[in-house]
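Visitor: Just passing along the structure, written as structure tokens.
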Amino acid sequence: MKKFLIILIAVVVIGYLIFSASYFRDMSRNRVCESFGVVIEDSAHYRFVSAQDIVNLVKRYDLDPVGKTFGEINTLAIRDTILTNRLVESARVFITPGGSVMATVSQRKPVLRVISDVKGNFYVDNERRIMPVSGNFAVYVPVATGVIDEEFARNQLYDFALFLSSHPDWDAWIEQIVVQKNQDVELIPRAGDFRIIMGSLDDYQAKLAKFARFVEEGLNVVGWNRYSSINLKYDNQVVCTKK
């Protein structure tokens with residue numbers, strides 16, 4: 001008898017739980033969304049997109065959840081729509097206990113800005129992917145100009161820009177990277193009226209180290225306005241052109 005009562009109570013409890021879950025689920029599906037909130041998680045560092053940009057994008061595709069029941073709202077569709085913005089890295093869309101829909105958005109992170117004679121203006125992000133520039137915000141990263149295709153930008157130039165970013169002294173010293181038609185590279189420094197001819201970006205760390213020694217032993221002695229170009233292309237020597 002005791003065993004029967006235990007089984008009966010268990011059946012009643014399980015039935016109640018199933019009924020409650022179904023009842024509250026139906027209530028939740030019929031509940032109306034009161035607001036749609038957007039949080040840009042990395043807005044302290046980047047401002048490529050704003051919360052209003054995301055709201056406008058969702059409204060443009062008729063996915064604004066406000067005023068709809070939660071049974072009508074497709075959070076996955078909202079997320080996928082947000083990801084069509086090429087300045088967005090990731091997005092998460094969820095329903096809050098308070099009766100709202102919330103989207104948290106992370107932006108893409110540029111490493112290099114390219115102003116190309118053949119491909120126009122774009123960034124290369126930290127995943128080596130091409131990303132568009134934004135009219136809302138410009139980020140401080142190394143800038144490369146000249147005859148630059150996307151492959152060269154995503155490979156050799158990306159590696160060089162990453163090196164500059166991780167070495168603040170070089171990053172602050174070099175104003176611009178200029179790429180010639182044969183992919184030889186010249187650097188325009190912030191100090192001194194001359195160009196640094198790197199040639200290819202092979203062994204760029206050794207070339208920069210050679211230039212640093214030349215500054216210490218040469219330019220600081222003869223003066224910074226003596227030469228129009230300083231050529232680092234050749235092994236074990238620095239070739240300078242006088243003005």
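The values are calculated or read from the model by the stated rules, or taken from the named source; none is laboratory data. Keep in mind it's a predicted model, so treat the numbers as computed, not measured. Cβ sites come from the backbone with ideal geometry, for glycine too, and all protein chains shown count toward neighbours. What goes into the accessible areas is simple: the full protein's heavy atoms, side chains included, and nothing from ligands, DNA or RNA. Shrake-Rupley method; radii C 1.70, N 1.55, O 1.52, S 1.80 Å.
Visitor: Could you please find all residues in segment 121-139 being touching a helix residue (DSSP H, G or I) at 6+ places or on another chain (Cβ under 6 Å) and either of a type in the set (Asp, Glu) or open to solvent by 30 Å² or more (accessible area, probe 1.4 Å) (or both)?
Guide: Within segment 121-139, the subset touching a helix residue (DSSP H, G or I) at 6+ places or on another chain (Cβ under 6 Å) is 124, 128, 130.
Answer for segment 121-139, where residues must be touching a helix residue (DSSP H, G or I) at 6+ places or on another chain (Cβ under 6 Å) and either of a type in the set (Asp, Glu) or open to solvent by 30 Å² or more (accessible area, probe 1.4 Å) (or both): 128, 130.
Visitor: Looking at segment 150-175, I want the residues that are in the same structural domain as residue 131 (by the TED database) and of a type outside the set (Gly, Ala, Ser) and have a partner that is open to solvent by 60 Å² or more (accessible area, probe 1.4 Å) and at pLDDT 95 or above with Cβ atoms under 8 Å, at least 6 apart or on another chain. Which pairs are those?
Guide: Between residues of segment 150-175 that are in the same structural domain as residue 131 (by the TED database) and of a type outside the set (Gly, Ala, Ser) and residues that are open to solvent by 60 Å² or more (accessible area, probe 1.4 Å) and at pLDDT 95 or above, the close pairs are 154/128; 154/129; 155/128; 158/128.
Visitor: Moving on to the next point. Give the number of residues within segment 44-61 that are open to solvent by 60 Å² or more (accessible area, probe 1.4 Å) and in a loop (DSSP other than H, G, I, E, B).
Guide: Within segment 44-61, the subset open to solvent by 60 Å² or more (accessible area, probe 1.4 Å) is 44-45, 47, 52, 56, 59-61.
Now restrict to residues that are in a loop (DSSP other than H, G, I, E, B): 44-45, 47, 61.
Residues in segment 44-61 being open to solvent by 60 Å² or more (accessible area, probe 1.4 Å) and in a loop (DSSP other than H, G, I, E, B): 4 in total.
Table: residues versus (1) touching a residue at least 24 places away in the same chain (Cβ under 8 Å); (2) part of a strand (DSSP E or B).
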site	(1), (2)
127	no, no
177	yes, yes
192	yes, no
216	no, no
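Visitor: Just to be sure I understand the filter: pairs with C-beta atoms under 6 Å, separated by 6 or more residues or on different chains, first member in segment 78-100 and on the phi < 0 side of the Ramachandran plot and assigned to a loop (DSSP other than H, G, I, E, B), second member buried (at least 20 other Cβ atoms within 10 Å of the Cβ) and aromatic (Phe, Trp, Tyr). Which pairs pass?
Guide: Pairs found: 87/48.
Visitor: Let me ask another. If I ask for residues that are within 10 Å of the chain's Cα centre (by Cα) and surrounded by fewer than 20 Cβ atoms within 10 Å (Cβ to Cβ), which ones from segment 90-115 would you list?
Guide: Selection gives 106, 109.
Visitor: Among the numbered conditions (1) open to solvent by 20 Å² or more (accessible area, probe 1.4 Å); (2) closer than 30 Å to residue 90 by Cβ, tell me where residue 225 comes up short.
Guide: All conditions are met except number (2).
Visitor: A further question on this structure: I'm trying to understand the selection: among the residues of segment 69-89, which are more than 26 Å from the chain's Cα centre (by Cα) and open to solvent by less than 60 Å² (accessible area, probe 1.4 Å)?
Guide: 69, 70, 71, 73
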